[in-house]
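Values quoted throughout were computed directly from the atomic coordinates according to the rules given, and no laboratory measurement underlies them. Just so you know, these numbers come straight off a predicted model, no measurement behind them. With ideal geometry, Cβ positions are generated from the backbone for all residues, glycine too; neighbour counts draw on all protein chains shown.
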Amino acid sequence: MCPLCNGFQKISIPCSNCGTSMVNSGREAEYYDDYSPYMPIDMMKMEDGFPRNEREGKCPHLFICRNCGAAEVKLIKE
């Protein structure tokens, strides 16, 4: 169970470009298409381009920097 998806914790990740704290924009897979947010999470993990995330229990989250607009995907331990 992902602590970010379920609101158990918040994390601060510095932007690799400018150092500003990035904002968690949710699961990366939710941005694939209109139906992605409604698909089963485990099924999306098998198709999200991160081959080990399901096996290793990690949830890919998209973080965006409000200062410079950079976007990074970070794997969060479930």
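Tell me what the chain gives for mean residue ellipticity at 222 nm when only DSSP H runs of n ≥ 4 count, each as -39,500 (n - 2.57), the sum divided by the residue total, rounded to 500 deg cm²/dmol.
Values: 2 runs with 9 residues, N = 78.
Helix contribution divided over all residues of the chain: -2000 deg cm²/dmol.
Specify the longest stretch of the chain that does not include any exposed loop site, a site being one of the chymotrypsin sites (Phe, Trp or Tyr not before Pro) with a non-H, G, I, E, B DSSP assignment and at most 12 other Cβ atoms within 10 Å.
On the way: sites that count: Phe8, Tyr35.
Value returned for the longest uninterrupted segment is 36-78.
Let me have the relative contact order for the chain, percent, based on Cα pairs under 8 Å that are six or more residues apart. Numbers along the way, then the final one.
On the way: 109 pairs, mean separation 26.4, N = 78.
Relative contact order for the chain comes out at 34 percent.
Suppose each label sits 7 Å from its Cα in the direction of the beta carbon; what would the Gln9-Asp42 distance come out to in nanometres?
In this crude spin-label approximation the distance works out to 2.3 nm.
Please list, short to long, the whole-number percent of alpha-carbon pairs of the chain in consecutive 5 angstrom bins beginning at zero.
Final binned percentages: 3, 16, 26, 23, 19, 11, 3.
Sketch the reach of a paramagnetic label on Ala70 as a point 7 Å from Cα along Cα-to-Cβ, and name the residues of the stretch 4-30 whose backbone nitrogen lies under 11 Å away.
14-22
I want to verify a result. In a Gaussian network model of the chain, Cα cutoff 10 Å, which of these has the top mean-square fluctuation: Asn24, Asn67, Asn53?
Per the Cα network of the chain with a 10 Å cutoff, Asn67 tops the list.
What longest region of the chain stays clear of trypsin sites (Lys or Arg not before Pro) that DSSP places outside H, G, I, E and B and that have at most 15 other Cβ atoms within 10 Å? The partial results should precede the final answer.
On the way: sites that count: Lys10, Arg52, Arg66.
With trypsin sites (Lys or Arg not before Pro) excluded where exposed in loops, the chain gives 11-51 as its longest stretch.
Count neighbours as other Cβ atoms within 10 Å of each site's Cβ, and list the GluC sites (Glu not before Pro) in the stretch 1-74 that are DSSP loop with at most 13 such neighbours.
Glu47
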